């Protein structure tokens, strides 16, 4: 009975646009537990994860008497068609691929809800708990056990069909589905992702120090430590470096889900207008993207750092306005940093004026350091 139901569920998943589905036992993830404890002790956690390690590794704490876990994967595009080109005076930022199109949490939750309804129709007594990314379980650990793909050195799940360009979700259930066979790790001796990581966040294959990961750093709301600023480039949210250098991702580009189609002006926006965007405008323009979940402040801070990266002189008036008028110390201080990177007489004058008016200690520190930078250029 359950073997037939499994096949029916697989067939139905294809009908509703799920690209891969796999089944895993609901046993505790004991090996993962050891890694998570070590990860925490080393200070490598991002802080966005579920704090209770037991809940992350024991499905029985999330659903009474679980018998299996259903894992799903949806492929997302890796290429931006008709991408607008940034140029002097019109510099652009970039949202990572996982933020293209509609927020993937919403997309996958809809798919999981359809699977739930399908199971309920077949088995009225079925119980389940579904989650996407923000749930307690590790999406990657479940996907690996369910045969969706292997857990790679870049800490992503790599599928033979779509590379690592997949979103993951899962459903714990009391239905005893037969588990699938995991895929053998195929990274071999390749270390391209480790070698290419801009901040050396990939400590070793399969171990990530999230505190150094640009994808994490772009989501923080405080001052970005100076050692990371020049590594940010024009990234507004996320980082794809460890994916784009991966040989398994070469030639992988899937655009089969309309809701994941990237809107060029949305995912590669002009930087300068972001500095003065209102909350309402930000929600209207970017609110449907997963990259907007932390609000506009991190995006604006990153846009300022991107303008510093380009040393965009035409943005000086806008940056000076942020330095003088923005109520948020992080943005004022980051604007001072950018003005210092651009340099010149106008920058020096603006920084000296701000120094005489600013009261916030952290901002004063940034202004003084920016003045030193300008002096070193003259």
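Helix 361-377 axis versus longest C-alpha principal axis of the chain: approximately 60°, rounded to the nearest ten.
Take the alpha carbon gyration tensor of segment 42-106, find the square roots of its eigenvalues, order them as a ≥ b ≥ c, and report rounded if a/c is under 1.5; if not, report prolate when a/b exceeds b/c, else oblate. Write out the running numbers ahead of the final one.
Numbers: a/c = 4.64, a/b = 2.09, b/c = 2.22.
Oblate, because a/c is 1.5 or more while a/b does not exceed b/c.
For the chain, the longest principal axis of the alpha carbon atoms and the long axis of helix 2-15 meet at an angle near 40°. Take the Cβ atoms of residue 15 and residue 284, set R0 to 30 Å, and the FRET efficiency comes out at 0.35.
Take the Cα of residue 181, step 7 Å toward its Cβ, do the same at residue 53, and the gap between the two points is 3.3 nm. Maximal additional length on extending the residue 325-residue 258 stretch stands at 20.0 nm, based on 0.36 nm per residue less the C-alpha distance.
Counting 0.36 nm for each residue step from residue 83 to residue 346 and taking away their Cα separation leaves a gain of 91.4 nm.
Pull up the DSSP beta bridges for the chain and report the antiparallel fraction as a percent, rounded to 5. Numbers along the way, then the final one.
On the way: 25 of 27 bridges.
For the chain, the DSSP antiparallel bridge percentage is about 95.
For segment 1-111, what class follows from the C-alpha gyration tensor (a ≥ b ≥ c being the square roots of its eigenvalues): rounded when a/c is under 1.5, otherwise prolate if a/b is larger than b/c, else oblate? The shape class here is oblate. Build a GNM of the chain with springs between Cα atoms under 10 Å apart, and of 341, 243, 186 the one that fluctuates most is 186. When the Cα gyration tensor is reduced to axis lengths a ≥ b ≥ c, the ratio a/c is 1.5 or higher for segment 201-284, and with a/b not above b/c it is classed as oblate.
FRET efficiency for the residue 313 to residue 365 pair, using the beta carbon distance and R₀ = 30 Å, is estimated at 0.80.
Projected label points at residue 207 and residue 294, each 7 Å from Cα along the beta carbon direction, are separated by 2.5 nanometres. Between residue 126 and residue 195, the modelled labels are 4.7 nm apart [label points 7 Å from Cα along Cα→Cβ]. What is the gain in length, in nm to one decimal, between residue 375 and residue 65 on full extension, counting 0.36 nm per residue of separation less the C-alpha to C-alpha distance? Extra length available between residue 375 and residue 65 comes to 104.9 nm. Helix 30-41 versus the longest principal axis of the chain: what is the Cα-based angle in degrees, 0 to 90, to the nearest 10? Roughly 20 degrees between the two axes.
When ranked by the protection proxy of mean other Cβ atoms within 10 Å per residue, highest first, what sequence do the peptides 283-294, 99-110 form? The partial results should precede the final answer.
Details: 283-294: 17.2, 99-110: 19.0.
Put in order of decreasing packing, that is 99-110, 283-294.
Only the coordinates and a few stated rules stand behind these numbers; no lab work does. In this text, all values refer to a predicted model and were calculated from it rather than measured experimentally. With ideal geometry, Cβ positions are generated from the backbone for all residues, glycine too; neighbour counts draw on all protein chains shown.
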